[in-house]
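Working notes for the structure below.
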Amino acid sequence: MPRSVADFYQDVMSGLNALGIEVRIWTMPQEVAEPIPFEQDRKHAAYDREYAQRLWQILVQAVHLAL
């Protein structure tokens, strides 16, 4: 579903925290012209189902190759 980067980031980090997993990452994107830290980015909220599915398939393939 479409939601801001900040909302997605918060959900992921909260979920990991609920599982007892502490993750520390650099939240400032490096590959974009005008970076906004993930936790502050309410500007970007697009969702393209096709590309999300493609990413999922790539990640699944990567896991299988790593095994």
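The values are calculated or read from the model by the stated rules, or taken from the named source; none is laboratory data. All figures in this text were calculated on a predicted structure; none of them were measured in a lab. Virtual Cβ from ideal backbone geometry, glycine too; neighbours counted across all protein chains shown.
Sub-6 Å Cβ pairs linking a first residue in segment 8-24 that is modelled with pLDDT of 95 or more to a second residue that is in a helix (DSSP H, G or I), at least 6 apart or interchain, are TYR9/PHE38; TYR9/GLU39, ordered by first then second residue. Every condition in (1) among the hydrophobic types (A, V, I, L, M, F, W, C); (2) surrounded by 10 or more Cβ atoms within 10 Å (Cβ to Cβ); (3) without any contact (Cβ under 8 Å) to a residue 24 or more places away in the chain is met by VAL5 except one, and the failing one is (3). Do we find that TYR47 is out of contact with any Leu (no Cβ under 7 Å at 6 or more places or on another chain), among the hydroxyl-bearing types (Ser, Thr, Tyr) and in a loop (DSSP other than H, G, I, E, B) in this structure? Answer is yes for this residue. In the set (1) assigned to a helix (DSSP H, G or I); (2) in contact with an Asp or Glu (Cβ under 8 Å, 6 or more places away or on another chain), the condition left unmet by LEU55 is number (2).
To keep it simple, each residue is scored yes or no on (1) assigned to a loop (DSSP other than H, G, I, E, B); (2) loosely packed, with under 11 Cβ neighbours inside 10 Å.
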{"position": "MET1", "(1), (2)": "yes, yes"}
{"position": "ASP11", "(1), (2)": "no, no"}
{"position": "GLY15", "(1), (2)": "no, yes"}
{"position": "GLY20", "(1), (2)": "yes, yes"}
{"position": "ILE25", "(1), (2)": "yes, yes"}
{"position": "VAL32", "(1), (2)": "yes, yes"}
{"position": "ILE36", "(1), (2)": "yes, no"}
{"position": "LYS43", "(1), (2)": "yes, yes"}
